[in-house]
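Here is the structure we will look at.
The values are calculated or read from the model by the stated rules, or taken from the named source; none is laboratory data. These numbers come from a predicted model, not from an experiment. In this analysis, Cβ positions are derived from the backbone assuming ideal geometry, glycine residues included, and neighbour counts consider all displayed protein chains. Ligands, DNA and RNA are stripped out before the accessible areas are found, and what is left, the full protein with its side chains, is counted by its heavy atoms. Shrake-Rupley method; radii C 1.70, N 1.55, O 1.52, S 1.80 Å.
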There are 2 protein chains.
Amino acid sequence: MKKGSTLFFEKRPVFIGWAAVGGKKEGEGPLGGQMDEIFEDTTMQTECWEKAETLYQKKCCEKLFSKTGSKAADVDYMFAGDLQAQCTASAYHARGLDIQYLGQYGACSTMAQSLGLAAAFCAAGFADKAMAVSSSHFCAAERQFRTPLDYGGQRTPTAQWTVTGAGACLLSRAGKGPKVQAVTFGRVKDYGVKDVNNMGAAMAPAAADTLLRYFKDSGTSPADFDAVYTGDLGAVGSKLLAELLADEGVKLENHLDCGLMIYDRETQPEVIAGGSGAGCSAAVLAADVLPKLSKGKLHRVLFMSTGALMSQVTVLQQESIPTIAHVAELTDE
Amino acid sequence: MKKGSTLFFEKRPVFIGWAAVGGKKEGEGPLGGQMDEIFEDTTMQTECWEKAETLYQKKCCEKLFSKTGSKAADVDYMFAGDLQAQCTASAYHARGLDIQYLGQYGACSTMAQSLGLAAAFCAAGFADKAMAVSSSHFCAAERQFRTPLDYGGQRTPTAQWTVTGAGACLLSRAGKGPKVQAVTFGRVKDYGVKDVNNMGAAMAPAAADTLLRYFKDSGTSPADFDAVYTGDLGAVGSKLLAELLADEGVKLENHLDCGLMIYDRETQPEVIAGGSGAGCSAAVLAADVLPKLSKGKLHRVLFMSTGALMSQVTVLQQESIPTIAHVAELTDE
């Protein structure tokens, strides 16, 4: 049911499985022990970072299949995306599966976007089972968006660290597990930030816009949730989001940012303002949020991913950074 | 209703409007007179091809709004995509609109993918009105996927010409106009083609896979349709598609390829094997297919877009080209 700009599902899609994989640094972070597998060699024994990312995504979905006793033929649709130009990490993964594939591009918001679409397809009866998948790779992202690693460029105080890893979940029309109650999709916001080393600041207005619409449509506030997860605003963006919501009279309680959860900024200071990347919120969802909902440690949460939609080309063309954020309400039963 | 891998809509979404715009070469082609506007200066008075493409998309949607008496606030969702890395033509267009935006990446299959999702959202009651939009720009695509124009590289006998232009359509749950009867989304196929100057050959197997699934699920054959439109297989891919279908006992009748419709290969021999690009099938849909359905000149057609999912990076990494094709059945009433 559509109310305002939010979709409330009458037949709530069920998470029947999930999986997360990460690289060495993610393995050393606070959630490393909760991921399904850590691949410390981030080349994945391939000759290119881009191919390695495809393998992270592939390994993640293999875990998802084995954990749920499913196979690709059981899945109607895969909604997936990543940060690579032309979303190739996902497309090259999809060519090995005989699943109907809908490539999504929402930058680091891709997981919530894919999850929202997969949920919508299950809720409408268009799919019996649908997958949402997203990934990123630090090295592939750095050379694409910033500078090749070999330059050894200094990182600025607002910079975030792209997660090497992937997350995937399998939704079903029926079954037992956490559920998707509602989804609000994002609108593109651009407040004129041009610094690709300050994604958090660029994305905070989009996060605020979507959250405010969701709270209005649902008649809720942050206090109604055990946690409000945002994708990867990091330290800088999280502070800005709280300020933007406060300006609208909304006190941001129970807030957790996936970018601040996946690394320990004390012992991993090189991540500076926290994690980011399309794999960040995807991996945290599958490694932490869904297991906790499944075990009753959480009952009702908001899961939001945020994305910055620029490219290396638009940055060179001195454009500012358009951003977007999608949110889903997840419940334990 | 889901049958096999096809969605048959009980509440059929209605095309309440459409618009197409093109550049100089598209204006000189057979469909030039049917487009809503031709912008002969393909720079659109901007300093970059990429920004020009955003403007083509923007002008196209402005036409769509003016033709239908709508405004952005009337539209619940925009499903849109393009060929630029990180889909920036669409994202930078979307930032000027206050519409919920879901960025799609299906390369040249993006129009059918976006149309299929917009139709699904309307059919399910998730949207009252939803837009599908796609664009491409010859100069932006050439320098991204092949070589910068300044190199003056020779084109091979199988090469296609990326359309400069955009197409958009507005779907509604109610109203008068052509309708979306059914949609089959694609699976990724890769038969090992590595030549970025032979997209048609790479995409034909994906087109055959989706069409065969649709024919099976619907119990139809090509002869049941006034026309079977494919996106941009061009001369080479169209021949291969007919052969692949013949091998499966399906005679491809009534076939028209958007890439062969948009240019006149006699008077525009530089297009070689025909048009391509995410704007190609989008512009032909809006300039030719929908007007003919609307006027009763066509009654029942298949509209398919085909896409090649490689990037410049994967080509340099000597990867083969994964491809995909999505199809929609459109009717005049």
Whenever you get a sec, compute what percent of the accessible area on segment B:79-138 sits on carbon and sulfur atoms (1.4 Å probe). 44
Points 7 angstrom from Cα along the Cβ direction at B:Y191 and A:N254: gap in nanometres? 5.4
Counting only Cα atoms, I'd like the Rg/Rh figure for chain A, Kirkwood definition for Rh. 0.94
At 7 Å out from Cα toward Cβ: B:A174 inter-copy label distances (nm, ascending): 3.4
Accessible area per residue of the protein assembly as shown at 1.4 Å probe, in Å²? 32
What's the carbon and sulfur percent of segment A:259-324's accessible surface, probe 1.4 angstrom, rounded to a whole number? 50
Taking the chain alone as reference and the full protein assembly as comparison, with a 1.4 Å probe on protein heavy atoms only, the residues of segment A:301-333 that lose at least 20 Å² of accessible area are A:L309, A:S311, A:V313, A:T314, A:Q317, A:E319, A:P322
For chain A, what does -39500 (n - 2.57) per DSSP helix run (n ≥ 4), summed and divided by total residues, give at 222 nm, in deg cm²/dmol to the nearest 500? -9500 deg cm²/dmol
Which of A:S238, B:L149, B:I272, positive extreme of dipole for the protein assembly as shown (C-beta unit charges): A:S238
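Are there trypsin sites (Lys or Arg not before Pro) in segment A:197-298 that DSSP puts in a loop and that have at most 13 other Cβ atoms within 10 Å, and which ones? Present the calculation step by step, with values, prior to reporting the outcome.
On the way: sites: A:R213, A:K216, A:K239, A:K251, A:R265, A:K292, A:K295, A:K297; in loops: A:K251, A:R265, A:K295, A:K297.
Here the trypsin sites (Lys or Arg not before Pro) that fit, given the DSSP loop and packing criteria, are A:K251, A:K295, A:K297.
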Taking the convex hull of the alpha-carbon atoms of the protein assembly as shown and averaging its shadow over every direction gives an area in square nanometres of 25.7
Using 0.36 nm per residue of separation minus the Cα-Cα distance, give me the extension gain between A:E243 and A:E333 in nm, one decimal. 29.2 nm
Hey, which lysines would be in cross-link range of A:K297, C-alpha to C-alpha under 25 Å, not counting anything within fewer than 8 residues on its own chain? A:K11, A:K63, A:K67, A:K176, A:K179, A:K251
Taking N as its residue count, the alpha carbon Rg of segment B:65-153 over 2.2 N^0.38 Å: 1.24
Please give the charge dipole size of the protein assembly as shown, origin at the Cα centre, charges +1 on K and R Cβ atoms and -1 on D and E Cβ atoms. Round to the nearest 20 debye. 1420
For B:C48, what is the net charge nearby, where nearby means another residue's Cβ is under 12 Å from its Cβ and Lys, Arg count +1, Asp, Glu -1? -2
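Quick check on my link table: of A:K2/A:K129; A:K25/A:K59; B:K25/B:K295, which ones sit more than 20 Å apart, alpha carbon to alpha carbon?
The answer is A:K2/A:K129; B:K25/B:K295.
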Considering only the label points, 7 Å along Cα→Cβ from Cα, what distances in nm to one decimal separate B:G249 from the same position in each other copy, shortest first? 6.8
If Lys and Arg each add +1 and Asp and Glu each add -1, what is the summed charge of the other residues whose beta carbon sits under 10 Å from the beta carbon of A:L302? -2
So which aspartates and glutamates can B:K24 reach, going by Cα to Cα under 15 Å and dropping same-chain residues fewer than 8 places off? B:D36, B:E37, B:E40, B:D41, B:E53, B:D264, B:E270
Name the aspartates and glutamates eligible as straight-distance cross-link partners of A:K71: C-alpha to C-alpha under 12 Å, and not fewer than 8 places from it in the same chain. A:E62, A:D98
Based on the alpha-carbon gyration tensor of segment A:129-193, what equivalent-ellipsoid semi-axes (square roots of 5 times the eigenvalues) come out, in whole Å, largest first? 34, 18, 10
Could you compute the net charge surrounding B:Y151? Neighbours are other residues with a C-beta less than 15 Å from the C-beta of B:Y151; K and R count +1, D and E count -1. +1
Calculated FRET efficiency for the pair B:E270/A:Q317, C-beta based, R₀ 22 Å, to 0.05: 0.20
For B:E333, inter-copy label-point distances (7 Å, Cα→Cβ), nm, shortest first, read 5.3
Report the A-B buried area as the accessible area lost on both sides summed, probe 1.4 Å, in Å² to the nearest 100. 4800
Whole percent per 5 Å bin, from 0 to the bin with the longest distance: what is P(r) over all C-alpha pairs of segment A:164-238? 3, 12, 18, 20, 19, 17, 8, 3, 1, 0
Taking a crude spin-label model, label points 7 Å out from Cα along the C-beta direction, the B:E28 to B:K11 distance in nm is 4.8
